[in-house]
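K.L.:
Got a structure for you, questions after.
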Amino acid sequence: MNVCARLVTAAAFAAALAGCYSDRWTQNYKDVVEIGAESGDDSAILAESADTAVQAAIRQQRLEALAAEEEPIYRLNAGDAIEIRVYGHDDLSMTTRIGPDGTIGLPFIGQARLSGLTIGEGAEKIRAGIAPYVKNPVVSITLNEVRSETATIAGACQKPGVYGISNSTHLADLYAMAGASATRLTSGSVVDIADLDNSVVIRGDEILPVDIRRAVEKGDALHNIRIRRGDYIHIAQSLESSVTVCGEVKAPCRRVFVPGMGLLETLTEAGWISESHWSHVIIIRDGLVHPKMYKVDIDGILAGRCRNIALKAGDVVYVPRDNLAEYNVFVRKLLPTAQLYSLLSSRVSSVSSH
């Protein structure tokens with residue numbers, strides 16, 4: 001895994017720790033129903049997020065609160081390039097970069113720590129330091145380049161990575177920096193593969209209720225939020241033509257979908273399930289923002305008690321460990337958090353065709 005991938009994985013897992021958003025999400029679960037030979041009902045839903053009026057109102061309030069937030073006062077940090085002007089004393093003026101230790105070298109003063117100070121505070125510190133040697137000094141600092149303020153964008157964009165941001169950087173700006181949607185040559189045509197409807201913005205321990213499509217395609221100011229330091233944006237890949245397999249399998253992967261694909265064949269192509277697998281497999285369907293989940297009795301299929309399950313394009317097949325508690329954690333904590341995005345982006349390492 002390269003450095004960028006490790007940074008993305010670390011950011012996503014850090015965002016997954018709290019799980020408070022997921023607790024609200026699970027309050028709308030439908031009853032648990034198992035797909036089995038007895039009912040013959042492949043449409044039985046294990047869990048589904050319900051978009052109620054209350055939830056819509058909560059999202060709207062959060063978006064309005066984000067829009068109303070005041071711009072944070074910028075504080076200098078390591079890596080920033082600055083220009084220092086001491087008026088009337090060109091010999092003391094300079095262009096420099098704040099070092100990794102947060103300091104710069106100055107005449108008379110020596111090493112001065114600027115990291116953590118506002119631009120005004122930094123100028124005053126320099127003024128006070130040279131005041132014993134220069135009569136009535138007037139000092140200014142101009143910020144030429146910001147390297148300490150960064151956000152990460154990953155997934156189905158042309159140039160995923162870590163980007164420098166400023167107070168004026170909005171979601172659509174960062175998406176443009178990353179080259180917008182990644183593309184793929186299909187049947188002689190170049191098509192976009194980004195699935196903006198299932199893409200997310202993660203800030204700290206929260207998945208923000210932002211509609212990325214409305215932000216980047218329609219310029220909706222409420223959704224085109226100002227990007228903050230440490231934000232993680234995951235651009236989902238269009239899943240119409242693929243099936244993802246992860247969890248307790250030997251070779252987690254993403255396979256090109258072919259009509260007629262079955263669960264057993266797909267697990268076989270993923271190296272088969274490990275000995276520690278649970279008796280049931282979870283199938284996540286209809287995307288990750290508003291997913292539906294199905295529980296499949298894999299041991300029953302292997303024993304001939306249940307039929308093989310036909311997969312659909314976009315399915316995510318998750319094989320839990322041999323532990324009911326882990327399955328419950330997955331349903332109640334993992335599914336609607338950033339950790340699932342990390343699970344899919346870091347453990348699914350290949351895309352192959354049949």
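Every read-out reported here was derived from the displayed coordinates using simple, explicitly stated rules and does not represent laboratory data. The structure presented is a predicted model; accordingly, all values stated were derived computationally and were not measured. Quick reminder, even Gly has a Cβ in these numbers, built from the backbone with ideal geometry, and neighbours come from all protein chains shown.
K.L.:
Treating the beta-carbon of each Lys and Arg as +1 and of each Asp and Glu as -1, no other charges, what is the dipole magnitude of the range 148-237 about its Cα centre, to the nearest 20 debye?
P.N.:
Values: 9 positive and 11 negative charges, 35 e Å.
Using Cβ point charges on Lys, Arg, Asp and Glu, the range 148-237 gives about 160 debye.
K.L.:
Return the subset of K159/K292; K292/K312; K218/K312 for which the Cα-Cα distance in this structure is over 24 Å, preserving the input order.
P.N.:
Exceeds cut-off: K159/K292; K218/K312.
K.L.:
With a cut-off of 8 Å between alpha carbons and a minimum separation of six or more residues, what is the relative contact order of the range 81-145 in percent? Mind showing how you got there, number by number?
P.N.:
Values: 94 pairs, mean separation 25.1, N = 65.
That works out to 39 percent.
K.L.:
Any idea how far apart N167 and E124 come out in nm if each label point goes 7 Å out from Cα toward Cβ?
P.N.:
Spacing of the two 7 Å Cα→Cβ label points: 1.7 nm.
K.L.:
Can you run phi through the Karplus equation (6.51, -1.76, 1.60; θ = phi - 60°) for the range 293-306 and list ³J(HN,Hα) in whole Hz, with x for Gly and Pro?
P.N.:
Once θ is set to phi - 60°, the couplings for the range 293-306 become 10, 10, 9, 10, 7, 5, 5, x, 5, 5, 8, x, 7, 10 Hz.
K.L.:
For a label point 7 angstrom out from the Cα of A78 toward its Cβ, which stretches of the range 86-102 have the backbone nitrogen within less than 15 Å?
P.N.:
97-102
K.L.:
Determine the sum of side-chain charges near G88: Lys and Arg each +1, Asp and Glu each -1, restricted to other residues whose C-beta is under 14 angstrom from that of G88. Before the final figure, lay out each step's value.
P.N.:
Numbers: positive: R85, R127, K135; negative: D90, D91.
Once positives and negatives cancel, what remains is +1.
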